[in-house]
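Undergrad: Just dropping this structure here.
The values are calculated or read from the model by the stated rules, or taken from the named source; none is laboratory data. Please read all numbers here as calculations on a predicted model, not as lab measurements. All Cβ positions, glycine included, derive from the backbone under ideal geometry; neighbour counts span all protein chains shown. Quick note on the areas: whole protein, heavy atoms, side chains included, nothing else; ligands and nucleic acids left out. Shrake-Rupley method; radii C 1.70, N 1.55, O 1.52, S 1.80 Å.
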Amino acid sequence: MILILLGPPGAGKGTQAQRLEAKHGLVQLSTGDMLRAAVAEGSEVGLKAKVVMDKGELVSDEIMTAIISDRLNEADTKNGVILDGFPRTEAQAASLDEMLATKGLALNAVIEMKTDDDILVERITGRYTCANCGAGYHDSFLKPAVEGVCDKCGGTEFVRRSDDVAETVISRLKAYHEQTAPLLPYYRNKGILKQVDGMTGIDDVTRQIEAELQTI
Ligand code: ADP
Ligand code: ADP
Ligand code: ZN
């Protein structure tokens with residue numbers, strides 16, 4: 001199964017992708033996580049990407065397509081993937097279609113997580129993740145059962161992203177509306193667009209996604 005989770009920054013793509021991964025044996029491919037790994041390594045791509053990411057703009061289609069193409073050639077993606085954060089432009093969507101076609105694969109569904117912009121600043125500025133296992137949390141909406149201890153791995157170190165600040169969120173939302181939202185009609189025309197209400201609680205969004213997956 002090849003799924004895309006589509007929605008603005010803070011819509012809950014990463015949160016839901018982690019759940020789908022565990023339940024359906026799919027691999028989450030988060031281009032944001034891949035770029036942050038490249039930044040941490042200090043690779044050439046990472047150095048270029050960091051400047052762009054901190055401004056809340058989009059990294060070039062060439063870089064992004066190359067990153068995803070390499071990743072889809074790795075064996076662990078064979079049983080299916082959840083694309084989280086890719087594609088983000090019409091050019092990336094066209095490249096993805098080509099990549100999948102050469103492998104004899106096709107997209108099964110694109111799930112739009114519909115959210116209003118006004119809730120996203122709070123979602124994003126309250127976000128943090130476990131430094132050890134990457135599990136996602138939120139200051140108000142998703143706290144670990146024991147404060148300061150990761151539910152999944154027991155880790156006690158957490159990290160916040162340098163771009164998760166109110167000033168950058170405005171640019172990221174602008175990039176979403178201008179460059180990513182046009183993908184919605186593109187996938188609707190292909191008949192594979194599903195929509196869920198991303199404004200409800202995390203468990204409710206999971207239930208809505210599972211219900212949509214039953215229909216494919
Ligand atoms: P995205 O990957 O789309 O940018 P995340 O999954 O990282 O978004 O979610 C952003 C933040 O909001 C995280 O801190 C997460 O715990 C929290 N969150 C995700 N979904 C919901 C929801 N339905 N209701 C409240 N908070 C949520
Ligand atoms: P969020 O879901 O909160 O928007 P991501 O982790 O998906 O954040 O992405 C963080 C940043 O990485 C983006 O603001 C952008 O600069 C860059 N990025 C991630 N994926 C892509 C992509 N497919 N195309 C271009 N830039 C990307
Ligand atoms: Zn952890």
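Undergrad: I need the full set of residues from region 154-172 which are touching a helix residue (DSSP H, G or I) at 6+ places or on another chain (Cβ under 7 Å), assigned to a loop (DSSP other than H, G, I, E, B) and buried (at least 16 other Cβ atoms within 10 Å of the Cβ), in order please.
TA: 163, 164
Undergrad: Could you list, in sequence order, the residues of region 137-153 that are open to solvent by less than 60 Å² (accessible area, probe 1.4 Å) and under 18 Å from residue 12 (Cβ atoms)?
TA: In the first step, residues of region 137-153 are kept if they are open to solvent by less than 60 Å² (accessible area, probe 1.4 Å); the result is 137-138, 142, 144, 148-150, 153.
137, 138, 142, 144, listed by residue number.
Undergrad: Continuing with the same structure: What is the one condition in (1) under 18 Å from residue 30 (Cα atoms); (2) open to solvent by less than 60 Å² (accessible area, probe 1.4 Å); (3) without any contact (Cβ under 8 Å) to a residue 60 or more places away in the chain; (4) of a type outside the set (Asp, Glu) that residue 109 does not satisfy?
TA: (3)
Undergrad: Take residue 55 and decide whether it is away from ligand 3 (no atom under 16 Å from the Cβ) and modelled with pLDDT under 95. Before the answer, list the steps.
TA: Values: away from ligand 3 (no atom under 16 Å from the Cβ): yes; modelled with pLDDT under 95: no.
Criteria not met by residue 55.
Undergrad: A follow-up question, please. Please enumerate the residues belonging to region 173-205 that are within 17 Å of residue 120 (Cβ to Cβ), assigned to a helix (DSSP H, G or I) and open to solvent by 30 Å² or more (accessible area, probe 1.4 Å).
TA: 174, 177, 178, 179, 202
Undergrad: A further question on this structure: Can you tell me how many residues within region 74-92 are open to solvent by less than 70 Å² (accessible area, probe 1.4 Å) and under 25 Å from residue 211 (Cα atoms)?
TA: Taking region 74-92 and keeping what is open to solvent by less than 70 Å² (accessible area, probe 1.4 Å), we get 77, 80-87, 89, 91-92.
If we keep only those that are under 25 Å from residue 211 (Cα atoms) as well, we get 77, 80-87.
Residues that pass the stated criteria total 9.
Undergrad: Moving to a separate point now. Looking only at region 182-206, count how many residues are out of contact with any strand residue (DSSP E or B) (no Cβ under 9 Å at 6 or more places or on another chain) and within 15 Å of ligand 1 (Cβ to nearest atom).
TA: Of the residues in that region, 4 qualify.
Undergrad: Given the options 62, 90, 74, name the one that is of a type in the set (D, E, K, R) and within 16 Å of residue 4 (Cβ to Cβ). Steps first, answer last, please.
TA: Values: 62 fails: within 16 Å of residue 4 (Cβ to Cβ); 74 fails: within 16 Å of residue 4 (Cβ to Cβ).
So the residue among 62, 90, 74 that is of a type in the set (D, E, K, R) and within 16 Å of residue 4 (Cβ to Cβ) is 90.
Undergrad: Tell me yes or no: at least one residue of region 8-20 is within 14 Å of ligand 2 (Cβ to nearest atom), touching a strand residue (DSSP E or B) at 6+ places or on another chain (Cβ under 6 Å) and on the phi > 0 side of the Ramachandran plot.
TA: yes
Undergrad: For the structure I just gave you, tell me whether residue 103 is open to solvent by 70 Å² or more (accessible area, probe 1.4 Å) and modelled with pLDDT of 95 or more. It would help to see each step written out before you state the result.
TA: Working: open to solvent by 70 Å² or more (accessible area, probe 1.4 Å): yes; modelled with pLDDT of 95 or more: no.
Considered against the rule, which asks whether it is open to solvent by 70 Å² or more (accessible area, probe 1.4 Å) and modelled with pLDDT of 95 or more, residue 103 comes out as no.
Undergrad: Then there is this: Looking only at region 112-136, count every residue that is within 26 Å of residue 181 (Cα to Cα), open to solvent by less than 70 Å² (accessible area, probe 1.4 Å) and free of Cβ contacts under 8 Å to residues at least 24 places away in the same chain and tell me the total. Write out each step before concluding.
TA: Step one: list which residues in region 112-136 are within 26 Å of residue 181 (Cα to Cα), which gives 112-128, 136.
Imposing the further condition that a residue be open to solvent by less than 70 Å² (accessible area, probe 1.4 Å) reduces the set to 112-113, 115, 117, 119-121, 123-128, 136.
Narrowing the set further to residues that are free of Cβ contacts under 8 Å to residues at least 24 places away in the same chain leaves 126.
The total comes to 1.
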